[in-house]
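Written below as structure tokens is the structure these notes are about.
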Amino acid sequence: MKLQKDDKWLDSALSRVISSDKPQFDAERWKEQYLKQELSREKTAKITPNVWSILIKSRITKLAAVVVVVLAVCWLAVSDRGEPEQQQTNARAVAVTPETPAELMSVISLSMVFRDGDMEAMEEQFDKAEKLVGPGLKERITIDQLICELEECKQI
Amino acid sequence: MARESELALVEAAIDGDTDSFTELCRRYYPAMVAIAHSVLGDRHFAEDAAQEAFAKAFSWLSKLRKKEKFACWLATICRNVSRDMLRAKGRLSNPDDLTKVVIPSEDGDNELTEAVREAVTSLSRTLKEVIFLRYYDGMPYDQISEVLGISKTAVDGRLRRAKKMVVEYLHRSGFVEGPL
């Protein structure tokens, strides 16, 4: 068969292959056979919704559960291993960050310094505070005097 | 005018008027059977699929957002119902591989008709669908574009592409001669 420019032959061939008599919609049969069945199925589904099965079947829920478990495991691993280091870092940060004598002498600061480097570190902290209070305080002073000095610094 | 009357029918159906919905079903039944037939490859199963799709559409009408796209929405439901039927029948292990569905041959087919049948069977889902809509009942372009949710130009493009592929298939099979 020679290929023709117009495709009428193809149209007729396709019509022969595909076309059939026009389907007629039977409304009564449809209502009886399909609609009632579908509506009753919907009703049953509404009465007994199985949330668990929906959750289990959902891919997104499964994925979310896996992500949560992985994150929890990672967090536990990191927090267990890194805790003492983290505390030391925090202590150093507190020891370095204070800038005023009042902050240096604060209970938190001292306790952190003590935890970090025992008595020697505490003495260092006191020396720093002494330097910051001013050049007039070169002699040894009592705690009461120091507190007075600190109070004055605070007011300034 | 037809569009307005269809919108009114859709709105009435959403309000629970079964008669309006039945009228819509009557209008779109041939198109839905054609779509289902292109998926299932069987006229009787296609009619069952179309009717099941109507039942599902009726119960899901409240979910319809764009009322003017009713036909396209209905076609999507019909397509999915047909695929579910296909899966349920266990003809295919992979539901996406719909091109394997064979259009059954009839007695008295000559060799060319048989080759055209094979060529149509080998088309992709979208091309097969547009061919079925066009040749099932001589459906006009505007109705096909409404059902598929694409422009008339796109319908024309798909039809041309489908026909070209059929001719190429026939050429490869030795049924037509000369340059393509």
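Among (1) assigned to a helix (DSSP H, G or I); (2) touching a helix residue (DSSP H, G or I) at 6+ places or on another chain (Cβ under 7 Å), which single condition is B:Met139 missing?
Answer for B:Met139: the failing condition is (1).
Determine whether B:Ala12 is farther than 28 Å from B:Tyr135 by Cα, touching an Asp or Glu at 6+ places or on another chain (Cβ under 9 Å), assigned to a helix (DSSP H, G or I) and free of Cβ contacts under 8 Å to residues at least 12 places away in the same chain.
Judged against the criteria, B:Ala12 is a match.
Among the residues of the stretch B:120-133, which ones are more than 8 Å from chain A (Cβ to nearest Cβ) and crowded, with 24+ Cβ neighbours inside 10 Å?
Selection gives B:Lys128, B:Glu129, B:Val130, B:Leu133.
Which one is surrounded by the fewest Cβ atoms within 10 Å (Cβ to Cβ) among residues in the stretch A:15-35 that are under 30 Å from B:Arg117 (Cα atoms) and more than 7 Å from chain B (Cβ to nearest Cβ)?
First, pick out the residues of the stretch A:15-35 that are under 30 Å from B:Arg117 (Cα atoms): A:15-26.
When the remaining residues are screened for being more than 7 Å from chain B (Cβ to nearest Cβ), the result is A:21, A:24, A:26.
Values: A:Asp21: 7, A:Gln24: 9, A:Asp26: 14.
The selected residue is A:Asp21.
Based on what the data block shows, is B:Ala31 touching a Leu at 6+ places or on another chain (Cβ under 8 Å), assigned to a helix (DSSP H, G or I) and crowded, with 20+ Cβ neighbours inside 10 Å?
Judged against the criteria, B:Ala31 is a match.
Taking the condition of being in contact with a Ser or Thr (Cβ under 8 Å, 6 or more places away or on another chain) and within 11 Å of chain A (Cβ to nearest Cβ), how many residues in the stretch B:21-40 meet it?
1
At pLDDT below 90 and more than 10 Å from chain A (Cβ to nearest Cβ): which single residue out of B:Ala2, B:Ala49, B:Ala75, B:Ala71 fits that description?
Answer to the selection: B:Ala2.
The values are calculated or read from the model by the stated rules, or taken from the named source; none is laboratory data. Keep in mind that what you see is a predicted model, and the values were worked out from it rather than measured. Cβ sites come from the backbone with ideal geometry, for glycine too, and all protein chains shown count toward neighbours.
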